[in-house]
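Take a look at the structure set out below.
The values are calculated or read from the model by the stated rules, or taken from the named source; none is laboratory data. Computed from a prediction, not measured in an experiment: that's the story for all the values here. Reconstructed Cβ throughout: ideal geometry from the backbone, glycine too, with neighbour counts over all protein chains shown. These accessible areas exclude ligands, DNA and RNA; they are computed on the full protein's heavy atoms, side chains included. Shrake-Rupley method; radii C 1.70, N 1.55, O 1.52, S 1.80 Å.
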Amino acid sequence: GRAMLRSLGSLLCLWALWLPAPPVGTGVAARGLDVASYRERVRAMFYHAYEHYLESAFPYDELRPLTCDGQDTWGSFSLTLIDALDTLLILGNVSEFQRVVNVLQEGVDFDIDVNASVFETNIRVVGGLLSAHLLSKKAGVEVEAGWPCSGPLLRMAEEAARKLLPAFQTPTGMPYGTVNLLHGVNPGETPVTCTAGIGTFIVEFATLSHLTGDPVFEDVARKALKALWKNRSDIGLVGNHIDVITAKWVAQDAGIGAGVDSYFEYLVKGAILLQDEELMSMFLEYNRAIKNYTKFDDWYLWVQMYKGTVSMPVFQSLEAYWPGLQSLIGDVDNAMRTFLNYYTVWKQFGGLPEFYNIPQGYTVDKREGYPLRPELIESAMYLYRATRDPTLLELGRDAVESIEKISRVDCGFASVKDLRDHRLDNRMESFFLAETVKYLYLLFDPDNFIHNDGSAFDVVVTPYGECVLNAGGYVFNTEAHPIDPAALHCCRKRKEEQWEVEDLMREFYSLKKTKKFTLKRASDHGKVASAEVTEDASEEKEGEKRKLKKSSHSLLSCPSQSFNSKLAVLGQVFLDNT
């Protein structure tokens, strides 16, 4: 039960910090939006796309919805199936989840001569498999005795991740962008990688290390994060692309969008997942520089990383994740203001163009498309959890209406090639089922298990003792694959996770003098433990008592502050857990 208590304590704490309870009596009723009917429309969207993928495109990576066939895009992994797997469970379809788990075990092979994106393989394949592995038991899959510390999907995730490790063997520890799954990094491979392609591994790789006990994954992810941090400019910004051999910045545009985005996201999510103060303080310092140099009127522009001068007054659709990220650190007012700016662009076009010129208020040449991206909906989902503001449901409604009106075709949903005239592209990216549909569904499904506030949980017995799972506080990777943070405490005995009383007893045993002192606690087998302590060790005993008090507070409970004050000084609360 000891790991269970610690996990539960930190989870409830984490949840309180992460997704706040809204004020009572606000929300849906305010504007009469029929949440249940939109939820069902989202479910129907999912199955229209998913069934046509199975029928017309499987085992290829993606569906081509205009020609009703399939294509391999990011490898050859039946990618849409891996990406959609946890969405099936969120929609409540356990039988199809179980069927797909069997299909993937039999059909997916990573020993193939394919050049794969290190970044995309990690977020879609490794992330999708880890999430599905951790949700298997909930989905009624018969799991192995050692689960969640072993299992077929975990082994597949580990195998895929090992194929990516050669990319990290560089002088800087920053990875190449592409790796051959059979041969490693190709001779002559370009050493230029985007910032996000270097800093978007800690969520998946730390999870892998904690579950498998092999530290190599977390180690390479941390080394890459720290290399980016070390190479930030004097004014605290990072650029867009860097040479991973020489650490010279090749593209020096700094912003929060494409090429950089998920690096910032993973500093925050890595900090939450791992309760890691260093990652959070790195993000908070970046956040200050971003506000100082790139933020204008609640928009974020692109600037030169060394000088801070504006290089592109452009909003990119990928930046729409930022309000959701701000809500995770408790900056809800700023998040809402930026969200409302982005929402005006959506209303102008019925989607977010890839690039939007802010001063001109219009699309940018050759960047008029909308490939059914999730980011604005993702931010709406987080902000709705935090505020219950009905405007956020209205974005969800608009998204459902416009995607159905513009993108729905006989064989699925097609990317929009040009939002000005609604011409379509023959592509349905796997993130449509992994992210866009999932975040829409979660926006309209307040009672989903993903939104669990810690009031329900499962206790699982592992070879390492009991642990708590499914208590909520899920951390989504950047492909919307939820990782249960409690699972990271299931698979290894760490010193700080043992009962403080046991540490006390060790101290007692180590003392040399002989006055009897009996400390009673029912052990796992119902026996009573006793120990000896000296009479004149009262000062040491006092010190131990203080230590016990302090450590039991930090491990088993939250700081005793009202939620509002936590939110207001979240940076300090996170960094100072006293």
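Can you give the Rg to Rh ratio of the range 76-312, both from alpha-carbon atoms, with Rh computed by the Kirkwood formula? Numbers along the way, then the final one.
On the way: Rg = 18.8 Å, Rh = 18.8 Å.
Rounded to two decimals, Rg/Rh equals 1.01.
Can you give the FRET efficiency for THR344 and ASN292, using 1/(1 + (r/R0)^6), R0 = 30 Å, r = Cβ-Cβ distance, to the nearest 0.05? Result of the calculation: an efficiency of 0.75. If the label point is 7 Å along Cα→Cβ of LYS138, which residues in the range 449-473 have backbone nitrogen under 15 Å from it? Counting backbone N atoms under 15 Å from the label point, the list is 449-460, 468-473.
Does the range 161-289 come out rounded, prolate or oblate by the C-alpha gyration tensor, with a ≥ b ≥ c the root eigenvalues, rounded set by a/c under 1.5 and, if not, prolate when a/b is larger than b/c and oblate if not?
In terms of gyration-tensor shape, oblate.
Kirkwood radius and radius of gyration were both taken over the C-alpha atoms of the range 204-261, and their ratio Rg/Rh is 1.08. Rolling a 1.4 angstrom probe over the protein heavy atoms with all chains in place gives the range 76-312 an accessible area of 34 Å² per residue.
Computed with the Debye formula from one identical point scatterer per Cα of the range 288-332, without solvent, the log10 of I(q)/I(0) at q = 0.14, 0.21, 0.27, 0.31 Å⁻¹ comes to -0.35, -0.75, -1.07, -1.19.
Taking a sphere under 13 Å around the Cβ of HIS422 and counting the other residues whose Cβ falls inside, with K and R at +1 and D and E at -1, yields a net charge of 0. Per atom type, the range 76-312 shows carbon and sulfur on 48% of its accessible surface, probed at 1.4 Å.
On full extension, the segment bounded by ALA456 and LEU165 gains 101.0 nm, given 0.36 nm per residue less the C-alpha separation. Which part of the range 460-487 falls in the paramagnetic zone of ARG155, meaning amide N under 11 Å from the point 7 Å along Cα-to-beta-carbon? No residues fall inside that zone.
Return the FRET efficiency for the residue pair ASN115, THR391: r is the Cβ-Cβ distance, R0 is 30 Å, and the value is rounded to the nearest 0.05.
Values: r = 44 Å, r/R0 = 1.46.
Approximately 0.10, to the nearest 0.05.
The packing ranking of peptides 177-189, 401-413, 384-396, highest mean first, is 384-396, 401-413, 177-189, where packing means the average number of other beta carbon atoms within 10 angstrom of each residue.
Classify the range 231-289: rounded, prolate or oblate, from the alpha-carbon gyration tensor (a ≥ b ≥ c, eigenvalue square roots; a/c under 1.5 rounded; otherwise prolate if a/b is larger than b/c)? Prolate, since a/c reaches 1.5 and a/b exceeds b/c.
Within the range 436-479, find all residues whose amide N lies under 17 Å from a label point positioned 7 Å from the Cα of ASP34 along Cα-to-beta-carbon. Under cut-off, by backbone N: 444-445.
The label point for ARG420 and the one for CYS68, both projected 7 Å from the Cα toward the Cβ, are 3.3 nm apart.
Where does the range 71-202 land on Rg(C-alpha)/(2.2 N^0.38 Å)? Intermediate values should be presented prior to the final figure.
Details: Rg = 15.5 Å, N = 132, 2.2 N^0.38 = 14.1 Å.
Output field value: 1.10.
Could you give the length gained by full extension between SER95 and PHE58, i.e. 0.36 nm per residue of separation minus their alpha carbon distance, to one decimal place?
Numbers: separation 37, 0.36 × 37 = 13.32 nm, distance 1.85 nm.
In short, 11.5 nm is gained.
Stretched out straight at 0.36 nm per residue, the stretch from LYS248 to GLU466 would grow longer than its current Cα-Cα span by 73.7 nm. If you take the square roots of the eigenvalues of the alpha-carbon gyration tensor of the range 375-423 and sort them as a ≥ b ≥ c, do you get rounded (a/c under 1.5), prolate (a/b over b/c) or oblate? Because a/c hits 1.5 or more and a/b exceeds b/c, the range 375-423 counts as prolate.
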